[in-house]
Amino acid sequence: MDLSLPNDLLQRISEARRVAVLTGAGVSAESGLSTFRGPGGLWENQDLMELATPQGFARDPKKVWEWYAWRREQALVAQPNAGHLALARWEEWLSHRGGRLDLITQNVDGLHQAAGSKNVIELHGSGWVLRCTRCGRERLDRTHPLPEIPPRCGECQGLLRPGVVWFGEMLPPAALVSAQTAAENCELFLVAGTSGTVYPAAGLVEVAARQGAATIEANLEPTPLSDAVDWSLRGRSGEILPSLIAALD
Ligand code: BJW
Ligand code: ZN
């Protein structure tokens with residue numbers, strides 16, 4: 001596909017040494033993982049208040065865990081796609097030139113790390129972390145299937161929950177500070193594969209724009225962020241992101 005990117009955009013990309021990227025579910029769509037909103041999205045036939053809030057979990061932990069167990073299974077077999085790989089390559093390219101790329105992701109699937117990205121900020125936690133609702137212990141666990149649903153803590157028998165951030169919950173403070181710092185200090189901010197409807201993640205673009213960063217969006221569809229960015233590119237992230245880094249020498 002010829003995306004015919006404008007020359008001024010390609011120049012900003014090749015000159016930028018501090019880059020921040022915000023990704024959402026759309027970046028993993030080409031790896032076979034569902035997005036949340038829109039046709040075919042995870043919430044098309046499901047109530048997000050039942051699946052992605054602490055209240056929904058308290059009401060029916062088994063139902064919420066069945067949904068996460070299914071998503072963990074999908075993510076376990078998924079491979080990073082060309083979009084994930086392009087971002088990992090860009091980070092490496094910058095690090096060899098004294099630059100830096102901060103990859104802020106709302107995704108909980110771990111595919112950026114699988115692609116080789118190092119500076120990953122998991123704003124909404126990780127689907128591979130299990131946290132005890134009683135003693136607070138956390139562990140990384142990629143087991144599928146889980147021995148029981150809902151799973152229980154090996155230490156105190158308390159109910160385990162996925163280590164993700166649901167609506168109404170605080171984001172991990174260190175991740176939020178890192179994301180804010182990255183947005184405040186970058187020359188270029190790229191937002192890819194997110195509907196831009198969930199805060200505070202969606203507000204980072206404006207933070208970057210206000211301090212003078214060039215802003216780019218890559219998405220199949222227009223979003224509430226499209227008018228606010230300098231370049232809004234329409235298409236698949238698995239095609240757009242590799243074409244952006246093709247601008248690097
Ligand atoms: C492609 C593609 C391809 C597809 N190529 N593109 C300010 C104003 C109003 C409300 C608030 C506010 N600040 C906070 C709030 C409340 C709330 C919020 O944002 N509400 C809004 C809905 C209005 N935020 C919170 O509660 C957050 N906590 C917080 O702020 O704490 C303090 C506080 C609490 C209470 C009140 C006020 C302050 C927490 C948010 C947690 C979100 N959690 C989830 C679940 C995570 C775990 C899991 O994965 O299960 O995070 S919800 C879900 O949405 C998930 C995602 O990370 C997140 C964003 O979705 P994303 O990634 O954008 O996916 P989609 O499906 O929406 O979009 C996909 C896009 O890809 C589409 O645009 C497609 O076109 C595109 N696409 N294929 C390119 N191949
Ligand atoms: Zn415990």
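At a glance:
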{"quantity": "Odd one out for SER126 among (1) under 24 Å from ALA213 (Cβ atoms); (2) in a strand (DSSP E or B)", "calculated": "(1)"}
{"quantity": "Restricting the stretch 227-246 to residues that are more than 10 Å from ligand 1 (Cβ to nearest atom) and open to solvent by less than 30 Å² (accessible area, probe 1.4 Å), the residue that is nearest to LEU85 (Cα to Cα)", "calculated": "ILE245"}
{"quantity": "Qualifying residues in the stretch 25-60 (those that are part of a loop (DSSP other than H, G, I, E, B) and among the aromatic types (Phe, Trp, Tyr)) - the one farthest from GLN180 (Cα to Cα)", "calculated": "TRP43"}
{"quantity": "Matching residues in the stretch 49-78 - criterion: being within 20 Å of the chain's Cα centre (by Cα), within 13 Å of ARG161 (Cβ to Cβ) and among the aromatic types (Phe, Trp, Tyr)", "calculated": "TRP67, TYR68"}
{"quantity": "Test: residue in the stretch 100-115 that is assigned to a loop (DSSP other than H, G, I, E, B), open to solvent by 50 Å² or more (accessible area, probe 1.4 Å) and not hydrophobic (A, V, I, L, M, F, W, C)", "calculated": "no"}
{"quantity": "The stretch 152-174: number of residues that are within 16 Å of ligand 1 (Cβ to nearest atom), assigned to a loop (DSSP other than H, G, I, E, B) and either under 18 Å from GLU122 (Cβ atoms) or in contact with a Lys or Arg (Cβ under 9 Å, 6 or more places away or on another chain) (or both)", "calculated": "7"}
{"quantity": "Residues of the stretch 1-24 that turn out to be at pLDDT 95 or above, assigned to a loop (DSSP other than H, G, I, E, B) and out of contact with any Asp or Glu (no Cβ under 9 Å at 6 or more places or on another chain), as a count", "calculated": "1"}
{"quantity": "Check on ARG137, farther than 18 Å from ALA192 by Cβ and in contact with a Lys or Arg (Cβ under 7 Å, 6 or more places away or on another chain)", "calculated": "no"}
{"quantity": "Within the stretch 193-209, considering residues that are closer than 16 Å to ASP102 by Cβ and part of a loop (DSSP other than H, G, I, E, B), the one farthest from ligand 2 (Cβ to nearest atom)", "calculated": "THR194"}
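The values are calculated or read from the model by the stated rules, or taken from the named source; none is laboratory data. Because the structure is predicted, anything quoted here is derived from the model rather than measured. Quick reminder, even Gly has a Cβ in these numbers, built from the backbone with ideal geometry, and neighbours come from all protein chains shown. Just the protein is used for accessible areas: all its heavy atoms, side chains included, with ligands, DNA and RNA removed. Shrake-Rupley method; radii C 1.70, N 1.55, O 1.52, S 1.80 Å.
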